[in-house]
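Student: This is the structure I want to talk about, given as structure tokens.
Every number here is computed from the coordinates shown, using simple stated rules; none is lab data. A quick note: this is a predicted structure, and the numbers were derived from the prediction, not measured. We place every Cβ from the backbone using ideal geometry, glycine too, and count neighbours over all the protein chains shown.
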Amino acid sequence: MATLPFEKNMYELKSKIDELKNLAIDQDMDLGKEIRQMEIKLYNMQKEAYKNLTAWDKVSIARLVERPTSLDYINRIFDSFMELHGDRYYGDDSAIVGGIAMFNGTPVTVIAQQKGKNTKENIKRNFGMPNPEGYRKTLRLMKQAEKFNRPVICLIDTPGAYCGLGAEERGQGEAIARNLMSMSTLKTPIISIVIGEGGSGGALAMAVADEVWMLEHTVYSILSPEGFASILYKDASLAKEAAADMKITAQDLINFGIIDRIIKEPLGGAHTNVDEMAARIKRNLEESIARLKSEPIESLLTKRYYKFRKIGKVIE
Amino acid sequence: MAFILSVINCSVGMFLERGNHMFEFKRIFQKSKYIEVKSVGNDGEKKPNIPSGMWVKCETCGKILYNKDLEESIMTCDNCRTHFRIGCHERINYTIDKGTFIEYDEFMISDNPIDFEGYTDKLQNLRDKTLLNEAVITGEGKINGQDTIIVVMDSTFMMGSMGCVVGEKITRAIEKATDNRKPIIIFTASGGARMQEGIFSLMQMAKTSAAIARHNEKGNLYITVLTDPTTGGVTASFAMLGDIILAEPNALIGFAGKRVIEQTIKQQLPEGFQRAEFLLEKGFIDKVVDRKDMKDTLTQILKIHS
């Protein structure tokens, strides 16, 4: 079981419960009452803990190795998913998984940022950090969706766009910019869901959408807390403080009016029950895709423009 | 190596014509400062070179440059072509026909959207020190008689970082250009998105890019001029979306910071990396243009698109 620092007490209690259960079986004892009491206690501890998570706790959950990745959701939510590859200019970026699928009988395009589950996979997926060819693959697939009137669903989970030499040479800035521009006028509904980390421009390049949702324990930020602390506090070890100051949680963003919906996670985090999490995302998509598809495209585009147009606080 | 020159001289005719004269009033009574010469390289550790007269030394090639020559060469070293950074007012003076500039949104200032400690005070101090209200000036004017909307960023105000005000002013300028079927020219100079405004700064990237998208759809012209430095969230949004992208010689233009890239790849970077000439070679900009030729180049482009 994945354990985060704030889960220490709960982990100990869970171990005790498991011990008791094993004891009951070995010694043929009836410990049902005691076990149930402890389970209720654990449930209440979890509820309390997960109501009072700090920004840094959320960052930790979002970055958990055990956290479900895009493919975990794609395989549970969509049918007949066929992955498509390449940007048609340079290469195929494994940090982006994209393709076509069926969603309750409706053809859709799904494009996702994909992290790895272990070191080997992470190297293949570049830790979910796309290169320009990843953003260009995204654009190609979105334009294809537009041609065939398929709604686009983007899953966001990245520490940020990759900062390598090759990425810079191949125009990482241009690739992100082009996506921002093209998504804003794409003539088909777009829903973007942050399922883990929403890392800055690298995330935004796939999140200029009609609706932007975040799972309950995700973060979406201009920079990593470590980077922020390093630049503004001159001390990267102040990341915890930075995370709180930056206001990067789903709750912060919905209060700011920047995102449209938060999808609650199972108690303990999405990783404790992927099936349930996927089901919740699916229910939300069912309602929204139907609604967005029925709206005339001109009206959709106007709303999409103003969704981003209105973001900003100035004094005149 | 960029060489920052701050020349704040209240007496010589560097005034802009403005609708409101409060700004000029303030400038007249501001104390005359000596020429401050700071030199920065990529390591940022060069010591300042403070002259006591009317000359400065170009850190790149060592040539002595006299004040008068500097003005005539529009703040460039005529020996090695180094283009020193200039402020937005100077830029507008060099680019826009005298007497034709009308500024937009000149009194817009920043709020504190994520309640970041110390941000409001920092802004006030900067406004007092730089006599700018923010890191960008927008407006309209003529270039050799041709109408254009113009946006000029200024790296002396919080490193030209883009927060809500920069995003809003630029978006309004783009929308004005779209609505009036006018071309827009944006001179970029920025260290990227403004950290102190958090996620709000990030969203300005989407906001400005969406405005450009609409401007494009109506068949209007957008010229970007990339100046030193242009980095981060500005590069990854409107800066790289011009129909025509020009750049000043040797300007630093990139997405990620050099140090971050070096830490990521654990190698030294090639010579000239992220400089204008490098981007030209890699196919990302249209032309590198000397400052003394910029106005003519813009004139020519506007003419072809009129």
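Student: Decide, for chain A, between rounded, prolate and oblate: order the square roots of the alpha carbon gyration tensor eigenvalues as a ≥ b ≥ c, take rounded if a/c falls under 1.5, and otherwise choose prolate if a/b is larger than b/c, else oblate.
Tutor: Prolate is the answer for chain A, as a/c is 1.5 or above and a/b outweighs b/c.
Student: About the Cα centre of the stretch A:232-275, how large is the charge dipole given +1 on each Lys and Arg Cβ and -1 on each Asp and Glu Cβ? Please answer in debye to the nearest 20. Can you show the working numbers first?
Tutor: On the way: 5 positive and 7 negative charges, 11 e Å.
Once rounded to the nearest 20, the dipole reads 60 debye.
Student: What shape does the stretch A:5-52 take by its C-alpha gyration tensor, where a ≥ b ≥ c are the square roots of the eigenvalues and a/c under 1.5 counts as rounded, a/b above b/c as prolate, and the rest as oblate?
Tutor: It is oblate, given that a/c is not under 1.5 and a/b is not larger than b/c.
Student: Amide H to amide H, which residues 5 or more places from A:Gly98 or on other chains are under 5 Å from it, using H placed in the peptide plane?
Tutor: It is A:Leu84, A:Ala112, by chain and number.
Student: So, one more: Taking neighbour counts of Cβ atoms within 10 Å as a proxy for exposure, in what order, fewest first, do A:Trp213, B:Trp55 appear?
Tutor: Exposure proxy ranking, most exposed first: B:Trp55, A:Trp213.
Student: Just check the stretch B:192-306 against the gyration tensor rule for me: Cα atoms, a ≥ b ≥ c as the square roots of the eigenvalues, rounded for a/c under 1.5, and otherwise prolate or oblate depending on whether a/b exceeds b/c.
Tutor: Oblate, since a/c reaches 1.5 and b/c is not below a/b.
Student: Another one. Please list, in chain and number order, the residues 5+ apart from B:Tyr104 or on another chain whose amide H is under 5 Å from its amide H, with Hs placed from the backbone.
Tutor: B:Thr138, B:Gly139, B:Glu140
Student: Under a cut-off of 19 Å between alpha-carbon atoms, report the aspartates and glutamates in cross-link reach of B:Lys176, not counting same-chain residues fewer than 8 places apart.
Tutor: A:Glu316, B:Glu103, B:Asp105, B:Glu106, B:Glu140, B:Asp147, B:Glu168, B:Glu217, B:Asp243
Student: So, one more: Quick check on the stretch A:59-309: of the DSSP beta bridges with both residues there, what percent are antiparallel, nearest 5%?
Tutor: Values: 13 of 33 bridges.
Close to 40 percent.
Student: Related question: Taking H as built 1.01 Å from N, whose amide H comes closer than 5 Å to the amide H of B:Ala193, not counting residues under 5 places away?
Tutor: B:Met162, B:Gly233, B:Val234
Student: Just grab the label-to-label distance for A:Leu31 and A:Thr185, each label 7 Å out from Cα along the Cβ direction, in nm (one decimal).
Tutor: Going by the 7 Å Cα→Cβ label model, 6.8 nm.
Student: Quick check on my link table: of A:Lys51/A:Lys115; B:Lys57/B:Lys266; A:Lys14/A:Lys240; B:Lys142/B:Lys182; B:Lys129/B:Lys295; A:Lys247/A:Lys307, which ones sit more than 23 Å apart, alpha carbon to alpha carbon?
Tutor: Those over the limit are A:Lys51/A:Lys115; B:Lys57/B:Lys266; A:Lys14/A:Lys240; B:Lys129/B:Lys295.
Student: Next question. Within the set of other residues whose C-beta is less than 11 Å from the C-beta of A:Met10, count the net charge using Lys and Arg as +1 and Asp and Glu as -1. Present the calculation step by step, with values, prior to reporting the outcome.
Tutor: Details: positive: A:Lys8, A:Lys14, A:Lys16, A:Lys41, A:Lys47; negative: A:Glu7, A:Glu12, A:Glu48.
Residues close to A:Met10 contribute a combined charge of +2.
Student: Per residue of A:297-308, count partner chain C-beta atoms within 10 Å of its C-beta, then hand back the mean as an integer.
Tutor: Other-chain Cβ atoms within 10 Å of each residue's Cβ, averaged: 2.
Student: Here is a follow-up. Please give the net charge around A:Glu197, taking every other residue with its beta carbon less than 11 angstrom from that of A:Glu197, where Lys and Arg add +1 and Asp and Glu add -1.
Tutor: Net charge in that neighbourhood comes out at +3.
Student: Here is a further query. Identify all aspartates and glutamates with a Cα-Cα distance to A:Lys120 below 17 Å; exclude those on the same chain that are fewer than 8 residues away in sequence.
Tutor: A:Glu66, A:Asp93
Student: For the stretch B:286-295, in order, what is each residue's ³J(HN,Hα) by Karplus, 6.51 cos²θ - 1.76 cosθ + 1.60 with θ = phi - 60°, in whole Hz (x at glycine and Pro)?
Tutor: Computed from phi, the couplings for the stretch B:286-295 are 8, 6, 9, 10, 4, 4, 5, 9, 4, 4 Hz.
Student: Considering only DSSP beta bridges whose two residues both sit in the protein assembly as shown, what percent are antiparallel, to the nearest 5?
Tutor: 45
Student: In addition: Hey, what number do you get for chain A at 222 nm if only DSSP H runs of n ≥ 4 count, each worth -39500 (n - 2.57), divided across all residues, to the nearest 500?
Tutor: About -15000 deg cm²/dmol.
Student: Let me ask something else. Need one number: nm distance between label points at B:Lys57 and B:Gln124, each 7 Å from Cα along Cα→Cβ, rounded to one decimal.
Tutor: 4.1
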